[in-house]
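Undergrad: Below are the C-alpha cells for one structure; questions will follow.
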Amino acid sequence: MSASTAHTPPSAGTAAPASGTPAHGGARPAGLGTRLRLPRITTLIAAVVLGVTILWALVPGLFTGHNPIDGGETASLLAPSAEHWFGTDQIGRDVYSRVVHGASRSLLAALIAVAVGLVVGSAIGLIAGSRGGWVSDVLMRIVDVLLSIPALLLTLTIVIVLGFGTVNAAIAVGIAAIAQFARLARAQTVTIMQADYVQAAYGSGGTYWSVLFRHVLPNAVSAVLALAVLQIGSAILQISTLGFLGYGTPAPAPEWGLIIAEGRNFVATAWWLTVLPGLIVMAVVVSTHRLGTALREAAQ
Amino acid sequence: MAVYLAGRLGQALLVLFLAYTAASMLLMILPGDGVLARYANPALGLSGEQVEAIRQSYGADAPWYVQYWQSLSGFLTGDLGYSVNSGAAVSTLVASALPSTALLAVSGFAAAVVLAVAVAVLASYGKPRWLASAFDSAPSLFISVPVFWLGIVIIQVLSFQLGWVTMVSPGPLESLILPTLTLAIPLSAPLAQILIRAIAEVRAQPFVHVTRAKGAGEAWMLVHSVIRNAMLPALTIAGLLFGELVAGAVVTETVFGRAGIGALTAQAVANRDNPVLLAVVVIATVGFVLVNLLVDLLYPVVDPRLRHRGRVGAAARRRLGARAQASGTGPSRTGADRADQEEEIRA
C-alpha cells in the first residue's frame, strides 16, 4: 500500500472488477475499475507476506531460537532489540517468538473455519441451486436464519455451546460463514444449470449426481474458492477477536489475539507488546484480502 | 404493493421465529439443565431438595417443549427470563445497558459517515496523487484492523502519549470520544468504498461535462449527483453495517470497560449465562431483520427505477448487490434481492 507503488498502469484498469456472480456480470462503464485495482506489485508483496507467515507456521524454528512459552531467566518487559525483536513480555518471554509460533495456531484455525464454511455452504448452495422446489426453499430458509443473526453473536452462541478452545472457536467462525458460501454457490449453480452443456449431459443419459459432480461443481468451484481465500483474512480477524475476549486458545499457548490481550495491561509502559503483534495480524489480513481480490479478478 | 408488503413482513416474521427457535435450541434446550449444573455444585452445600426447589422456581424441571413454549411466550410479552449468574431479570439488565450502547452506536455511526466522506473526497480529489492513492487504499486497511487492537492503540496514543483525552474518571462526553473513534474506523470502510465508487461513476458520466460547462463547481456536483448515486449501494449494506455495529460494540465496550449491551454479552459468554446471551441474540436479530425490512421498503422510494418490479429494477438491484460483494463488503442480505437474482437468471 506504499505511496510510491500507487500509479496504476492504464492497461491494468480496463477490466471491470469482480461482480458477485461472475458468470453473468453485467456491462459496466469502462474505466471505472481503474481506481479500484491496485497495481500488481502490492499483490506480489501480499504473496511474500503470506509466504513468510506460512513458513512461520510450518517451521517456526527457522525464524526464532527463543522458547515461546518459557522465558527462562530473561528479564521481563525488555524493549525491542536485536536479540528480542518485539521485546519481552511480563514474564520474560520473547514476543517475536510467540508471534512466530502463534502463526500455526492462527492459520490452522482460519483454515478450519473457512473449510467448514466452504464445504457446508457449497453443499447447501449446490443442492438448493440444482434441486429447486421445497428442498431449495428449506435450505435457503436455513441460510436466511444464519444471515439474520449478527455474525459475532452467532459465533458466540456456538462457542458457548461447543466450549472454549482453538478448534471450537474456528468451527463457530466457520458456521457463521456458511451462509455467504451457500448464497454464492447457489447463484453459480442456478446459472450453470441453465447452460446448454448441462441439458446435453442430461440428454446423453447423465443422472442428477453425475451431472452435478462432472459439470456443475467444476464450473462453480473457481468463484467459490476465490471467496474462500477472501474469507481467510476475516476468519483470522474473527478468531483473534475470540482469542482476545478469552474464548479461544487458553494461555499460555501463543495465539495472536491472546498475545495482544496479554500485552494490553502494559500498554502505557511497554507499547510494543501490543502494537507490534497487532501490526503483524493486520499485515497478514491485508495480504489475504489482496490475494483474494486478485484471485477473484483472475477467476472471471 | 400491499401484497408485497404483507409478503415481506410475513417473511421477516418467519425468519425471526426460526432464528429464535434455533438460538433457544442451542442456548436453552441443547445444553440441558443449566440450573442443575450451577446449583448442584458441592461447594455450594445445597441439599437435593433445595436444588429441586430452585429448579422448580426456574421452571427447569419441565420438559423441553414446555420450556420452549414458556420462553417464547415470555419473549413475546417482554419477559426475557433470569440471569443464571446474578439472578436478576434479563429485561432489567438489558434495559439498563441499552441506552449507553445506543449512544455509542449513534455517535460511532455518525463519526463513521463523516470519516467516510473525508476519505472518499481525499481519495478522489486529493493532491498530490500519492496522497489520493493513499486514501484510496485506506478502506481496505480499515477493514483489516483488529478492532480490539485499534482500541488499545488509540488509548495508548491519544490518551497516554498525547494526553488529549483522559482515561481516569473522564466526564460522560469525554469517555465517549475514544470508543466512538474505535467503532467508527472499521465502520467507515465499506461506506468510504461506496462513496469512492459513486464519485468515480459520476465523474465518468457525460452529463458531468454539460453541467460543468453550465458553470457548476465540483462541490455542487458532489452534493447533487454523488449523494443520489451513493444512496442505493449504501442502503444495500445497511444490514452489514448493523452487524458491524453489534460486533464493534462487544469489542469496544470490553476494551474501554464501558457498561452496555456489548459488555453484557462478553460477560454472559465468559460466565456461560445462556439466558442473557439468548436475550441479546434475539434482540440483535430483531434489530437486524427490522433494518433489512426497512431497507427493502425504502428501495423503491429512493430509486424510481425500482418502483416497477420488472426486469429493469431487478437488474439494477442485482448489480448493486454484486457491487457490494465486489468491494469485499459481503453480499447484500435481503430476501428480495435474492429473488430478483433468480428472476433475472431465469429470464
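The values are calculated or read from the model by the stated rules, or taken from the named source; none is laboratory data. All figures in this text were calculated on a predicted structure; none of them were measured in a lab. Cβ: placed from backbone, ideal geometry, glycine included. Neighbour counts: every protein chain shown.
Undergrad: Looking at A:Ile142, A:Ile158, A:Ile112 in this structure, which one is away from chain B (no Cβ under 14 Å) and surrounded by fewer than 22 Cβ atoms within 10 Å (Cβ to Cβ)?
TA: Just one listed residue meets the conditions, A:Ile112.
Undergrad: Among the residues of the stretch B:238-280, write down those that are within 21 Å of B:Pro146 (Cβ to Cβ) and part of a loop (DSSP other than H, G, I, E, B).
TA: Once the filter is applied, which keeps residues that are within 21 Å of B:Pro146 (Cβ to Cβ) and part of a loop (DSSP other than H, G, I, E, B), the stretch B:238-280 yields B:Gly257, B:Arg258, B:Gly260.
Undergrad: I would also like to ask the following. Within the stretch B:67-96, which residues are crowded, with 21+ Cβ neighbours inside 10 Å and in a helix (DSSP H, G or I)?
TA: B:Ser71, B:Val90, B:Leu93, listed by residue number.
Undergrad: Among the residues of the stretch A:18-33, is any closer than 19 Å to A:Leu291 by Cβ and either at pLDDT 50 or above or not in a loop (DSSP other than H, G, I, E, B) (or both)?
TA: Yes: the stretch A:18-33 contains one or more residues that are closer than 19 Å to A:Leu291 by Cβ and either at pLDDT 50 or above or not in a loop (DSSP other than H, G, I, E, B) (or both).
Undergrad: I'd like the full set of residues that are buried (at least 24 other Cβ atoms within 10 Å of the Cβ) and over 12 Å from A:Gly278 (Cβ atoms), limited to the stretch A:248-261.
TA: Those that are buried (at least 24 other Cβ atoms within 10 Å of the Cβ) and over 12 Å from A:Gly278 (Cβ atoms): A:Gly248, A:Thr249, A:Pro254, A:Glu255, A:Leu258.
Undergrad: Determine which single condition B:Ala339 fails, assuming it passes every other condition in (1) modelled with pLDDT under 80; (2) at the interface with chain A (Cβ under 7 Å from one of its Cβ atoms).
TA: Looking at each condition in turn, B:Ala339 falls short on (2).
Undergrad: Oh, and also: Select from the stretch A:230-246 the residues that are facing chain B (nearest Cβ under 7 Å) and modelled with pLDDT of 90 or more and list them in ascending order.
TA: Scanning the stretch A:230-246 gives A:Gly233, A:Leu237, A:Ser240, A:Thr241, A:Phe244, A:Leu245.
Undergrad: Now for a separate question. Taking the stretch A:192-209 as the region of interest, how many residues are of a type in the set (Gly, Ala, Ser), outside any helix (DSSP H, G or I) and surrounded by fewer than 12 Cβ atoms within 10 Å (Cβ to Cβ)?
TA: 2
Undergrad: While we're looking at this one, here's another question. When the stretch A:81-103 is examined, which residues are found to be modelled with pLDDT under 85, small (Gly, Ala, Ser) and either under 24 Å from the mean Cα position of the chain (by Cα) or more than 18 Å from A:Trp256 (Cβ to Cβ) (or both)?
TA: Of everything in the stretch A:81-103, those that are modelled with pLDDT under 85, small (Gly, Ala, Ser) and either under 24 Å from the mean Cα position of the chain (by Cα) or more than 18 Å from A:Trp256 (Cβ to Cβ) (or both) turn out to be A:Ser81, A:Ala82, A:Gly92.
Undergrad: Also, I was wondering about something else. For residues that are within 19 Å of the chain's Cα centre (by Cα) and small (Gly, Ala, Ser), scanning just the stretch A:206-229, find the one that is farthest from the other protein chains (Cβ to nearest Cβ).
TA: Here is the first cut: in the stretch A:206-229, the residues within 19 Å of the chain's Cα centre (by Cα) are A:221-229.
Restricting the remaining residues to those that are small (Gly, Ala, Ser) gives A:222-223, A:226, A:228.
Values: A:Ser222: 15, A:Ala223: 11, A:Ala226: 11, A:Ala228: 14 Å.
Per the stated criteria, the residue is A:Ser222.
Undergrad: Can we say B:Gly108 is among the small types (Gly, Ala, Ser), assigned to a helix (DSSP H, G or I) and within 13 Å of chain A (Cβ to nearest Cβ)?
TA: Against the criterion (among the small types (Gly, Ala, Ser), assigned to a helix (DSSP H, G or I) and within 13 Å of chain A (Cβ to nearest Cβ)), B:Gly108 does not qualify.
Undergrad: Go through the stretch B:247-285 and report how many residues are in contact (Cβ under 8 Å) with a residue 40 or more places away in the chain, more than 18 Å from B:Tyr82 (Cα to Cα) and either aromatic (Phe, Trp, Tyr) or at the interface with chain A (Cβ under 7 Å from one of its Cβ atoms) (or both).
TA: Selection size over the stretch B:247-285: 5.
Undergrad: Go through the stretch A:251-277 and give me each residue that's more than 9 Å from every other protein chain (Cβ to nearest Cβ), in contact with a helix residue (DSSP H, G or I) (Cβ under 8 Å, 6 or more places away or on another chain) and not in a helix (DSSP H, G or I).
TA: A:Ala251, A:Ala253, A:Pro254, A:Glu255, A:Ala270
Here's the yes/no breakdown for (1) buried (at least 18 other Cβ atoms within 10 Å of the Cβ); (2) within 12 Å of chain A (Cβ to nearest Cβ); (3) at pLDDT 90 or above; (4) under 24 Å from B:Thr101 (Cα atoms):
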site: B:Val147; (1), (2), (3), (4): yes, yes, yes, yes
site: B:Ile152; (1), (2), (3), (4): yes, yes, yes, yes
site: B:Ile155; (1), (2), (3), (4): yes, yes, no, yes
site: B:Ser159; (1), (2), (3), (4): yes, yes, no, yes
site: B:Thr180; (1), (2), (3), (4): yes, no, yes, yes
site: B:Leu187; (1), (2), (3), (4): yes, no, yes, yes
site: B:Ala198; (1), (2), (3), (4): yes, yes, no, no
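Undergrad: Any chance you could count how many residues in the stretch A:163-173 are surrounded by fewer than 22 Cβ atoms within 10 Å (Cβ to Cβ), more than 10 Å from chain B (Cβ to nearest Cβ) and either free of Cβ contacts under 8 Å to residues at least 40 places away in the same chain or in a helix (DSSP H, G or I) (or both)? Walk me through it before giving the result.
TA: As a first pass, look at the stretch A:163-173 and keep what is surrounded by fewer than 22 Cβ atoms within 10 Å (Cβ to Cβ): A:163-168, A:171.
Pick out the ones that are also more than 10 Å from chain B (Cβ to nearest Cβ) and you get A:165-168, A:171.
Filter once more, so that each one left must be either free of Cβ contacts under 8 Å to residues at least 40 places away in the same chain or in a helix (DSSP H, G or I) (or both): A:166-168, A:171.
Here the count works out to 4.
Undergrad: Might you let me know whether the stretch A:174-191 holds any residue that is surrounded by fewer than 24 Cβ atoms within 10 Å (Cβ to Cβ), away from chain B (no Cβ under 12 Å) and either in contact (Cβ under 8 Å) with a residue 12 or more places away in the chain or assigned to a helix (DSSP H, G or I) (or both)?
TA: Within the stretch A:174-191 (the criterion being surrounded by fewer than 24 Cβ atoms within 10 Å (Cβ to Cβ), away from chain B (no Cβ under 12 Å) and either in contact (Cβ under 8 Å) with a residue 12 or more places away in the chain or assigned to a helix (DSSP H, G or I) (or both)), the answer is no, since none of the residues qualifies.
Undergrad: Any residue that is part of a loop (DSSP other than H, G, I, E, B) and either over 17 Å from the mean Cα position of the chain (by Cα) or among the β-branched types (Val, Ile, Thr) (or both) - is there at least one of those in the stretch A:278-298?
TA: no
Undergrad: Hey, among B:Glu244, B:Glu174, which residue is within 12 Å of chain A (Cβ to nearest Cβ), among the acidic types (Asp, Glu) and out of contact with any strand residue (DSSP E or B) (no Cβ under 8 Å at 6 or more places or on another chain)?
TA: Testing whether each residue is within 12 Å of chain A (Cβ to nearest Cβ), among the acidic types (Asp, Glu) and out of contact with any strand residue (DSSP E or B) (no Cβ under 8 Å at 6 or more places or on another chain) leaves just B:Glu244.
Undergrad: When the residues of the stretch B:49-67 are filtered to those that are of a type in the set (Phe, Trp, Tyr) and more than 17 Å from B:Asp273 (Cα to Cα), which remaining residue is modelled with the lowest pLDDT?
TA: The extreme case among them is B:Trp64.
Undergrad: Being in contact (Cβ under 8 Å) with a residue 24 or more places away in the chain and either more than 13 Å from chain A (Cβ to nearest Cβ) or within 19 Å of B:Ala284 (Cα to Cα) (or both) is the filter; apply it to the stretch B:3-17 and report the residue that is surrounded by the most Cβ atoms within 10 Å (Cβ to Cβ).
TA: B:Val15
Undergrad: Select from the stretch A:73-107 the residues that are in a strand (DSSP E or B) and either of a type outside the set (D, E, K, R) or within 24 Å of A:Tyr247 (Cβ to Cβ) (or both) and list them in ascending order. Reasoning before the result, please.
TA: To start, the set of residues in the stretch A:73-107 that are in a strand (DSSP E or B) comprises A:88, A:94.
Hit for the stretch A:73-107 is A:Thr88, nothing else.
Undergrad: So which of B:Gly243, B:Gly217 is among the small types (Gly, Ala, Ser) and either closer than 20 Å to A:Leu147 by Cα or in contact with a helix residue (DSSP H, G or I) (Cβ under 8 Å, 6 or more places away or on another chain) (or both)?
TA: Being among the small types (Gly, Ala, Ser) and either closer than 20 Å to A:Leu147 by Cα or in contact with a helix residue (DSSP H, G or I) (Cβ under 8 Å, 6 or more places away or on another chain) (or both) holds for just one of B:Gly243, B:Gly217, which is B:Gly243.
Undergrad: Select from the stretch A:253-271 the residues that are among the hydrophobic types (A, V, I, L, M, F, W, C) and within 26 Å of the chain's Cα centre (by Cα) and list them in ascending order.
TA: A:Ala253, A:Trp256, A:Leu258, A:Ile259, A:Ile260, A:Ala261
Undergrad: A further question follows. Within the stretch A:81-95, identify whether any single residue is of a type in the set (Lys, Arg), out of contact with any helix residue (DSSP H, G or I) (no Cβ under 6 Å at 6 or more places or on another chain), within 16 Å of A:Leu273 (Cα to Cα) and more than 14 Å from chain B (Cβ to nearest Cβ), and answer yes or no.
TA: Taking every residue of the stretch A:81-95 in turn, at least one turns out to be of a type in the set (Lys, Arg), out of contact with any helix residue (DSSP H, G or I) (no Cβ under 6 Å at 6 or more places or on another chain), within 16 Å of A:Leu273 (Cα to Cα) and more than 14 Å from chain B (Cβ to nearest Cβ).
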